[in-house]
Amino acid sequence: MTITALTSPATLDELLSTLEWHVDESRRDALAAGATLRFAKPTFLYVIGGSVRVRSTGPQAVSLSFATGDVVFTPGRHPVDLSADSAAEVVVSELRPVGGSRALDLLPELIGVNRLAELDPAIALLASRMGCPAQPGRAGDNVICGRMATTIVSVAIRAWAEGDCAPANWPAPVEDPFVARVLDAMHGDPGHPWTVGDLAAVGAMSRTIFAERFRRQVGQSPASYLAQVRMDAAMSYLSRDGLTVSETARMLGYESDAGFSRAFRRHTGSAPSVWRQRAS
């Protein structure tokens with residue numbers, strides 16, 4: 001299944017709001033010097049002790065060293081290899097995105113934060129205590145582990161972005177407060193039957209000026225951006241909230257299931273029923 005990302009979140013808040021995780025498995029691995037591991041899906045690692053080297057295998061391969069108290073995240077576009085430089089202990093949490101995942105396309109193959117234990121002791125402690133089995137033992141395990149992982153990864157991405165590691169203007173900021181107001185309206189109520197005139201009114205602009213300023217700030221038309229916002233919401237409704245295809249279509253203002261299904265397949269490459277089944 002291919003997710004087509006047609007637009008990018010305009011702010012770090014919007015980017016983080018689109019990332020939510022289900023934990024497939026979380027475990028502690030004790031590694032001897034020279035031991036190796038490979039990860040082929042979104043994964044975060046917390047180094048409890050020792051030192052490791054993590055290498056991405058994508059077109060722009062990156063190899064970074066990490067030590068006690070460091071956290072690493074990979075979005076899983078390409079496999080990532082870990083090798084222990086010395087005896088080490090790591091927490092490994094293998095993740096699956098819940099709902100829309102367009103923000104993953106903005107992230108590099110490796111995000112590393114050094115000394116998380118010093119930057120945010122509470123989050124470091126949370127990361128060190130992760131240990132979610134593949135089969136939950138108690139009711140609520142999946143939900144709790146997912147929320148823990150979402151918090152840890154969000155903090156890691158924020159620390160990475162604030163630590164002068166992110167590219168300039170990442171993610172692309174929306175400097176126009178009137179366009180930002182329109183974006184907030186779209187994200188706040190994606191199922192509203194927005195027209196260009198409605199959105200222009202929210203931004204206190206004429207339709208022509210609004211369309212020009214929106215494209216200049218966001219990089220695409222209001223209609224195209226709104227369609228992607230709705231599809232991201234649809235993916236969340238189907239997977240996180242467990243709504244049916246019909247319920248999701250109604251929530252997002254589609255008059256028919258067929259029309260919604262066509263739009264969903266066009267944006268994600270998958271039928272909404274198939275997406276819902278895979279996410280459950």
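Relative contact order of the stretch 153-275, please, whole-number percent, based on alpha carbon pairs below 8 angstrom and at least 6 residues apart.
Relative contact order here is 19 percent.
For the stretch 143-155, in order, what is each residue's ³J(HN,Hα) by Karplus, 6.51 cos²θ - 1.76 cosθ + 1.60 with θ = phi - 60°, in whole Hz (x at glycine and Pro)?
Along the stretch 143-155, the couplings run 5, 5, 5, x, 5, 4, 5, 4, 5, 5, 5, 4, 5 Hz.
5 Å is the cut-off here: which amide hydrogens, built 1.01 Å from N in the peptide plane, fall below it relative to residue 62, excluding neighbours closer than 5 in sequence?
Sorted by chain and number, the residues that satisfy this are 56.
Read phi for every residue in the stretch 251-268 and hand back ³J(HN,Hα) as whole Hz from Karplus 6.51 cos²θ - 1.76 cosθ + 1.60, θ = phi - 60°, with x for Gly and Pro.
3J(HN,Hα) across the stretch 251-268, in whole Hz: 4, 9, x, 7, 7, 9, 5, 5, x, 4, 4, 5, 5, 5, 5, 5, 8, 10.
Evaluate E = 1/(1 + (r/R0)^6) for residue 274 and residue 196, where r is the Cβ-Cβ distance and R0 equals 45 Å; express this FRET efficiency to the nearest 0.05.
0.90
Could you work out the relative contact order of the chain, using alpha carbon pairs under 8 angstrom and six or more residues apart, expressed as a whole percent?
The normalised contact order for the chain reaches 22 percent.
Starting at 0 and stepping by 10 Å, how many percent of the alpha carbon pairs of the chain end up in each bin?
The distribution over the chain is 6, 26, 31, 23, 11, 3, 0, given as percents.
For the stretch 9-58, which trypsin sites (Lys or Arg not before Pro) are in a loop by DSSP, counting at most 15 other Cβ atoms within 10 Å?
Answer by residue number: there is no such site.
Would you mind checking the tilt of helix 222-239 against the longest principal axis of the Cα atoms of the chain, expressed as 0 to 90 degrees and rounded to 10?
Helix 222-239 sits at roughly 50 degrees to that axis.
Name the long-range amide H neighbours of residue 25: under 5 Å, sequence gap of 5 or more, or other chain; modelled H, no Pro or chain starts.
When sequence neighbours closer than 5 places are left aside, the close amide H contacts are 94.
List every residue whose amide H lies under 5 Å from the amide H of residue 252, counting only residues 5 or more places away in sequence or on a different chain, with H placed 1.01 Å from N in the peptide plane.
Under 5 Å from the amide H of residue 252: no residue qualifies.
Once you've got the GNM for the chain with C-alpha springs shorter than 10 Å, pick whichever of 204, 234, 124 has the biggest mean-square fluctuation.
204
Enumerate the calculated ³J(HN,Hα) couplings along the stretch 109-121 in order (Karplus 6.51 cos²θ - 1.76 cosθ + 1.60, θ = phi - 60°), each rounded to whole Hz, writing x wherever the residue is Gly or Pro.
Using θ = phi - 60°, the values come out as 5, 9, 10, x, 10, 7, 6, 4, 4, 8, 5, 8, x Hz.
What's the extension gain from residue 129 to residue 204 if we count 0.36 nm per residue and subtract their Cα-Cα distance?
Stretched out fully, the residue 129 to residue 204 stretch lengthens by 22.1 nm.
Excluding residue 55 itself, what net charge comes from residues whose Cβ is under 11 Å from its Cβ, given Lys and Arg +1 and Asp and Glu -1?
0
Rule-based calculations on the coordinates, nothing more; no lab input. It should be emphasised that the depicted structure is a prediction, and the values quoted were computed from it without experimental measurement. FYI the Cβ positions are ideal-geometry reconstructions off the backbone, even for glycines, and counts take in every protein chain you see.
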